[in-house]
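Undergrad: Encoded as structure tokens, here's the structure I'll be asking about.
The values are calculated or read from the model by the stated rules, or taken from the named source; none is laboratory data. Here the structure is a predicted model, which means the values were calculated and not measured. Cβ placement follows ideal geometry from the backbone for every residue including glycine, while neighbour counts extend to all protein chains displayed.
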């Protein structure tokens, strides 16, 4: 999100929920996401303007690490892994899918896992609503951090949960995710 240069486009994975998508870089940053639908304005657009576009970065403090991205087979669940002698960590990113209801809340889930070692993470979330044109407020409630801006329909998009203070923060999926993500994607892809 704060990097000095732009990543090559081939360094991005794509996640989505059939209503919107996000581009996740090998460096752990989400550099593009329109919200809550494909044709909505962005909340993250560092892909377009690194300085003013906003992004959501989860990056381990592992200098010289190799980075890899892969999808859980038959799903849209993306793993970004960092491998080094000091430790191995992964961030899984997905957007839950399920039965579409008119008022169903769209959710971006980011999970952090230390596979080996003890690793510190740099977590930065800097949304810039409406391509950086809309102001927003930030407040904490019930262990979550909310970034709120009014869109043209008057609804307030929110983002959470607050990262833990441990060296490997755990980010839980929202309670509304009734199906495990791989199962939901497998069922959807099996219909074609």
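Undergrad: How many residues are under 17 Å from residue 148 (Cα atoms) and part of a loop (DSSP other than H, G, I, E, B) when one looks only at the stretch 30-51?
TA: Here is the first cut: in the stretch 30-51, the residues under 17 Å from residue 148 (Cα atoms) are 33-37, 40-45.
Next cut, part of a loop (DSSP other than H, G, I, E, B) only: 35-37, 40-41, 45.
Total meeting the criteria: 6.
Undergrad: Check off (1) in contact (Cβ under 8 Å) with a residue 12 or more places away in the chain; (2) over 15 Å from the mean Cα position of the chain (by Cα); (3) farther than 24 Å from residue 136 by Cα for residue 81 and give me the number that stays unchecked.
TA: (2)
Undergrad: All but one of (1) under 20 Å from residue 7 (Cα atoms); (2) in contact with a strand residue (DSSP E or B) (Cβ under 6 Å, 6 or more places away or on another chain) hold for residue 115; which doesn't?
TA: (1)
Undergrad: Sticking with this one: Give me a count of the residues in the stretch 82-140 that are assigned to a strand (DSSP E or B) and modelled with pLDDT of 85 or more.
TA: Residues of the stretch 82-140 assigned to a strand (DSSP E or B): 82-84, 87-94, 109-116, 121-126, 137-140.
Next, only the ones that are modelled with pLDDT of 85 or more stay: 82-84, 87-94, 109-116, 121-126.
Result for the stretch 82-140: 25.
Undergrad: Do we find that residue 62 is more than 15 Å from the chain's Cα centre (by Cα), buried (at least 17 other Cβ atoms within 10 Å of the Cβ), at pLDDT 90 or above and part of a loop (DSSP other than H, G, I, E, B) in this structure? Give the steps one after another, and end with the answer.
TA: On the way: more than 15 Å from the chain's Cα centre (by Cα): yes; buried (at least 17 other Cβ atoms within 10 Å of the Cβ): yes; at pLDDT 90 or above: yes; part of a loop (DSSP other than H, G, I, E, B): yes.
When the stated conditions are applied, residue 62 passes them.
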